[in-house]
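Coordinate-derived values only; no laboratory data. This structure is a prediction, so every number in the text was calculated from the model and none was measured. FYI the Cβ positions are ideal-geometry reconstructions off the backbone, even for glycines, and counts take in every protein chain you see.
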Amino acid sequence: MDAEEITQALEYVSRDLRRKNLHVHLIVGGCSLPCLLYKTKPTCTSLSILLVSELTPKTMTTLTRSVQRAQKLFNLNTNWVNTTLGRSVPEDLREIVVERSLLQNDIFFSSEGLTLFALDHCYALKSTLDKLSRGSWDASFDDAVDILRRLVYISRGKPMTRGYIRRCYPSMEVTDNMLLRLKAEYERQHGHRGMVGVNDEYIRWNRDGLKWSEEIEEYGRELGISISRSTSAASSRSDWEDKPLPDPPSEEEDIAAIFAKKGGFI
């Protein structure tokens, strides 16, 4: 299904609800957002929804029938609207996910009888990274990059911080290794930072004004010069084996002192 087909079907459902003097609010996540909101994919297979609040039996019946009629009228997938998202959100997180999604207020469809909110992007990001860490085929790093890009867009171009991502839904743990991979992939695709604070101070993956490829090339040149100097020094001295080894650091020196000497960060 492409964006135009889905929009036409949603307009039909909205008008149907309006005729019954109803207005339904839904939270949407999954594969539909790259198509309808991020605009990074031309098609999607379905809209996975989470109810903002429990619907009355009458409203649920009207919504279900409208969705079914739209499916036949526009020749869409049988489950073009489903509740997979609602079932996947843990019960203990459901309330906060709904609240944050509404506060985020990222609306991508609104008409007479229907309003659709995007799922809280931070929850979507951590959920996607969790799937990737478990080797799930239901997610890819491109999905995570799309979500991170939306977060950066909402924050007016400011990159996300490691601390912010970890504080959101703290029960959903994400390793630094996974965040580093996401950070690198984002920078490879978009050429600027999407995340900061993920071991930047220790391993210096980035420097201001340098892109990823330029950083790697510079490192290669520096490494080549270092190796060349070492080789030259070794070949010019025949008694290098007799040189004493440097003294090891004293036991009193902790890791903080060592970093301080090298001008690093703790």
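Distance between the 7 Å Cα→Cβ label points at Arg156 and Asp138: 3.7 nm. Give me the net charge of Ala139's neighbourhood, meaning all other residues with Cβ under 10 Å from the Cβ of Ala139; Lys, Arg count +1, Asp, Glu -1. With Lys, Arg at +1 and Asp, Glu at -1, the net is -2. Taking the Cα centroid of the range 77-101 and of the range 144-184, what is the distance between the two, rounded to the nearest whole Å? After rounding, the separation between the Cα centres reads 21 Å. Computed extension gain for Asn75 through Lys20, at 0.36 nm per residue and net of the alpha carbon distance, reaches 17.4 nm.
Using 0.36 nm per residue and subtracting the Cα-Cα separation, the extra length available between Ala184 and Glu95 on full extension is 28.8 nm.
With the highest mean first, a sort of the peptides 24-37, 43-56, 91-104 on other beta-carbon atoms found within 10 angstrom per residue produces 24-37, 43-56, 91-104.
Using a 7 Å offset from the Cα along the Cα-to-Cβ direction at both Thr175 and Thr61, what is the distance between the two label points in nm, to one decimal? For the pair Thr175/Thr61, the computed spacing is 5.2 nm.
Say a paramagnetic label sat at a point 7 Å from the Cα of Asn199, along Cα to Cβ; which residues of the range 148-191 have their backbone N under 20 Å from it? Only 160-167, 173-189 fall inside the zone, counting backbone N under 20 Å.
Phi-derived couplings, Karplus 6.51 cos²θ - 1.76 cosθ + 1.60 at θ = phi - 60°, listed residue by residue for the range 16-24: 4, 5, 5, 4, 9, 6, 10, 9, 10 Hz, with x used for Gly and Pro.
Dipole magnitude for the range 1-119: about 420 debye, using +1 per Lys or Arg Cβ and -1 per Asp or Glu Cβ, origin at the Cα centre.
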